[in-house]
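Derivation of every value follows stated rules applied to the coordinates shown; laboratory data play no part. Remember, predicted model here, so these are calculated numbers, not experimental data. Glycine also receives a Cβ, built like all others from the backbone with ideal geometry; neighbour counts cover every protein chain displayed.
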Amino acid sequence: GFNFNHNLDDLMKIYEEDKILHSALSALFEQLKNASLLGSLIDPLEVIKDSGLSWNEILKNVKLIQNEEASNRESVFAYTDVLKALSLLGGQYHLVATNPPYLVKNKQSKKLVQYCSKYYDAGSADLATVFFKRYRNFLCIGGAHAVVTPLNWLFIKSYEDLRRDIAFNERVRM
């Protein structure tokens, strides 16, 4: 994860009067603290979707926090990494090609299971299905997702919700 606890509480006081912005930035930073566990499962657009804030507004304010920290060299580097990570994780792409990790739910950490259930419930049977759901959010309109999937997705009951979701929301080519 990112280590930006340097003066985060002090810096976040800047946004205390703007409860919506404060809440959105706090939620983003909390997820980024778990980046080593969550990696590209973090979807910053999903985190802020109910806030009414634009993505550009969020990035602008992270940049302002970085500027406030200009005197702390370590913190400036951390916020540079945060900006880069948020830009990549919030990006839209024409093609996403992947071979996601396969890890069944009962072998995942408690924190990972909780996160996946909250944000990717229909795909939370195993980590690969969660990644499958996440990568769809990376796609721009008309984008394509190429993924290596296990054969058992086609017939095992625990993947029924995922198959239904794909059947109603995707165009599949094999």
Per the 1/(1 + (r/R0)^6) rule, R0 = 30 Å and r from the Cβ atoms of Lys49 and Val104, FRET efficiency to 0.05 is 0.55
On the formula 1/(1 + (r/R0)^6), with r taken between the Cβ atoms of Leu64 and Asn169 and R0 of 41 Å, the FRET efficiency rounded to 0.05 is 0.65
With x for Gly and Pro, the residue-by-residue ³J(HN,Hα) of the stretch 16-26, computed from phi through the Karplus equation 6.51 cos²θ - 1.76 cosθ + 1.60 at θ = phi - 60° and given in whole Hz, is 4, 6, 9, 4, 5, 5, 4, 5, 5, 5, 4
Hydrodynamic calc, the stretch 115-174: Kirkwood Rh from Cα pairs, then Stokes-Einstein at 10 °C with viscosity 1.306 mPa s, so D in µm² s⁻¹ is 132
With 0.36 nm assigned to each residue of separation and the Cα-Cα distance removed, Lys111 to Glu17 gains 30.8 nm
If R0 = 35 Å, then Ile156 and Lys84, at their Cβ-Cβ distance, give a FRET efficiency to the nearest 0.05 of 0.35
Summing +1 per Lys or Arg and -1 per Asp or Glu among the other residues with Cβ less than 14 Å from Trp55's Cβ gives -1
Most packed first (mean Cβ within 10 Å per residue), the peptides 154-163, 82-91, 129-138, 39-48 order as 129-138, 39-48, 82-91, 154-163
Expected vector for the stretch 93-101, Karplus 3J(HN,Hα) from phi with 6.51, -1.76, 1.60 and θ = phi - 60°, integer Hz, x for Gly and Pro, equals 10, 7, 9, 10, 10, 7, 10, x, x
Scoring only Lys, Arg, Asp and Glu (+1, +1, -1, -1) among other residues with Cβ under 13 Å from the Cβ of Ala125 yields +1
For Lys63, the lysines lying under 30 Å Cα to Cα, once residues fewer than eight places off in the same chain are dropped, come out as Lys13, Lys19, Lys33, Lys49, Lys84, Lys111, Lys118, Lys133
